[in-house]
Amino acid sequence: MRLLIQGGRVLDPAHGVDGRLDVLIENGKIARTGENLSAEGAEILDAAGLAAAPGLVDLHVHLREPGFEAKETVATGCAAAARGGVTTLVAMPNTRPATDCPELVKLVREKAAATGVNVLPAGAVTVGQKGERLTDFEALREAGVPALTDDGVPIQNLALLRQAMREAASLGLPLLDHCEDRDMVQNYAVNEGAVSRRLGLSGRPAVAEELQIMRDVMLAEDTGAHVHICHISTSKGVDIVRRAKARGIRVTCETCPQYFTLTEEEVLRQGAMARVNPPLRTQADVDGIRAGLADGTIDAIVTDHAPHTAQEKARPLPDAPSGMVGLETSLALALTGLYHSGVLSLNRVLALMTSSPAALLGLGKGTLALGADADLVLFDPNEAWTIDRERFASKGRNTPFHGRSVRGKVKYTISRGNIIYQEG
Ligand SMILES: [Zn+2]
């Protein structure tokens, strides 16, 4: 089977490629890139006016299955991924039961197999994510997990965490780290600051995140583990990672569109729809996140796609669950907030969503090199459109970006040479 993608602007950030080229796909692999390739025997996809980049790699997605199928299933989550241009995703293990053993890893992978999206379940660090007993890291690695995490439930027992880092380091598995001190944030709904005071609510202080980043950076240095800080949201947090990297500590980090786009003020306008952990912060933090993206301190843009039902999000702010969906809006929000606003080049935005996250976990994805899996997203980088949650493929409609004008629209998503999404 041959597919020729003709006349697009091909961007392969891993190799500094940016030019008008054809891409020939054979048997699910990139067979050739070049000018005016022969179309003989190939199906032709006209990409004139479109950008063609490696399929997006999202390191932080909650697919909710098993256990929370009312929020999302593997099938609906993967449909959302395809619609957003995401061809590889790491699924968080906070399902019910938690993905803490090879059987559950296998279950999620099997459910994902038919979707065309490459789903890599992360393994839980502790049994049931209870923070008491380590899982069998070796067995999880054998089952194919790319990383370990208790995302959503920060590990408070430092002796246990240190042991986890030692074992993870010896097996070469990165630890994905949700940084918020649980005692300091409880189940509070918003950032501690002007908005929490105005609402008369207890807040989640920035220092609760920063202290844990500092703590885990020190443990990374102590154990040699690769610690990857999830969804970094504060300017000082970025600065801690910046200094740690300069010291040669094996720490990397990611952020999400909400943290370089929105501030805590959004909670006043949208209530529970803008509730997320860590919470939306201040403008100074948004600026700090953008600076961290610009200078390379932040390694990846991910979604933290966290679907919930409409009924759950309709609860009053203090009782509603935290999280927002993101798979179908991440590329447009990154292009709008970073590329069209002049913070980053197009190639750099794409690097943060493809080659860089793939390299962090050694996934062998995020490139259009010859012989690579033919995973691509074709998009119009300039097209203006309005985000409409009613059109989402995800079951989750919980986005604070509904009705927002953005630029950059996904037209085709291709996974291993198969078109898994086509607009309209
Ligand atoms: Zn998290």
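Read-outs throughout are calculated quantities, based only on the coordinates presented, and are distinct from any laboratory measurement. Quick caveat: nothing in here was measured; it's all calculated off a predicted structure. Positions of Cβ are generated from backbone atoms using ideal geometry, with glycine treated the same way; all protein chains shown enter the neighbour counts.
Among the residues of the range 169-193, those identified as farther than 25 Å from Arg64 by Cβ and either surrounded by 15 or more Cβ atoms within 10 Å (Cβ to Cβ) or of a type in the set (Gly, Ala, Ser) (or both) are Ala169, Ser170, Gly172, Asp181, Met184, Asn191, Glu192, Gly193. Residue pairs whose Cβ atoms lie under 9 Å apart, separated by 6 or more positions or on different chains, with the first residue in the range 150-163 and closer than 15 Å to Val217 by Cα and polar (S, T, N, Q) and the second more than 9 Å from the ligand (Cβ to nearest atom) and part of a loop (DSSP other than H, G, I, E, B), are Gln156/Gly131; Gln156/Asp181.
Residues in the range 341-355: is at least one under 25 Å from Val145 (Cα atoms), among the polar types (S, T, N, Q) and under 14 Å from the mean Cα position of the chain (by Cα)? Taking every residue of the range 341-355 in turn, at least one turns out to be under 25 Å from Val145 (Cα atoms), among the polar types (S, T, N, Q) and under 14 Å from the mean Cα position of the chain (by Cα). Output the residue which, of all residues in the range 221-239 that are buried (at least 24 other Cβ atoms within 10 Å of the Cβ) and away from the ligand (no atom under 16 Å from the Cβ), is nearest to the chain's Cα centre (by Cα). Within the range 221-239, the match that is nearest to the chain's Cα centre (by Cα) is Val238. Among the residues of the range 196-219, just one is away from the ligand (no atom under 16 Å from the Cβ) and crowded, with 23+ Cβ neighbours inside 10 Å, namely Val217. Surrounded by 24 or more Cβ atoms within 10 Å (Cβ to Cβ), over 19 Å from the mean Cα position of the chain (by Cα) and touching a residue at least 12 places away in the same chain (Cβ under 8 Å): is that true of Ala374 in this structure? Here the answer is yes, as Ala374 does meet what is asked.
Taking the condition in contact (Cβ under 8 Å) with a residue 24 or more places away in the chain and within 16 Å of the ligand (Cβ to nearest atom), does Arg182 pass? Taking the combined requirement at face value, the residue satisfies it. Within the range 319-354, the set of residues being more than 28 Å from Gly396 (Cβ to Cβ) and part of a helix (DSSP H, G or I) comprises Leu346, Asn347, Arg348.
What residue, of Ala112, Ala14, Ala75, Ala39, is in a loop (DSSP other than H, G, I, E, B) and away from the ligand (no atom under 16 Å from the Cβ)? Unique residue meeting the criteria: Ala39.
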